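The numbers here are math on the coordinates, done by the rules we state, and not lab data. Because the structure is a prediction, the values reported are computed rather than measured. All Cβ positions, even for glycine, are placed from backbone atoms using ideal geometry, and neighbour counts span all protein chains on display.
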Amino acid sequence: MKRLRKIFILLFALLLLGAGYVKASGFEFLAKANTTKLEPGDTITIDLSIADIDAGELGINTIEAVLEYDKDVFEAVMPSDFAGLNNWSITYNNETGENEGKFVAVIVQDGVTQDQEIGTLTLKVKEDAEAKSTSIVIKNIKTNDGTEEIPTTDKTITLSIEEPEPEPVPEPDPKPENTTSPDPIPQTGENAYIIIAICMLAVIVSVLALALYRKNRDIK
């Protein structure tokens, strides 16, 4: 009898444990940057997506999170820097206050149960940003399954801001070869005048020589 009672108590305890056990809901929030090395003036795009959704048959249709970034490195993020995908819309609070940096992604349809991209975030490095290591953090990420809140782990993207590469110095053009003659070449008109002058001089010399010849002959 005692043995039967012990078995009954054990079975009852197992039944209570089974009835009280509820599988915890969960999901994964992913943030992937298109690069990890940037220079002043560059932009970075971060793909936002969800995966491993375990929130019952209804899935999830709302995600909340908070964005943190170094304002000495990046230009101020504006609501227009978020873009929704696959029917998700994303609102962002860039105003100073308790909810600064908070963004909410919503899809107006039945909850999502499969892996899916929900949007993108674009940030721009300031032109005068110094070379350093910096991080973009998405924290306090959570959703709900209609009855209870479902949190997930923070996401940190580590980036390297590098000095811009110096502009290449253009090589000087090779010195052109001197193809001109050191002595000036007479032009065509100048050549004609020289020939005429020589001919006239020859005529004058011939006339003088002839005159002298005749004079000498008459003397004899």
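Neighbours of D115 by Cβ distance under 10 Å: Lys/Arg scored +1, Asp/Glu scored -1, total -3. Relative contact order for the stretch 59-115: 47 percent, from Cα pairs under 8 Å spaced at least 6 residues apart, divided by residue count. Highest-first packing order for the peptide set 99-108, 199-208, 155-164 is 99-108, 155-164, 199-208, based on the mean count of other beta carbon atoms within 10 Å.
Pairs of Cα atoms nearer than 8 Å and 6+ residues apart set the relative contact order; for the stretch 24-161 it is 35 percent.
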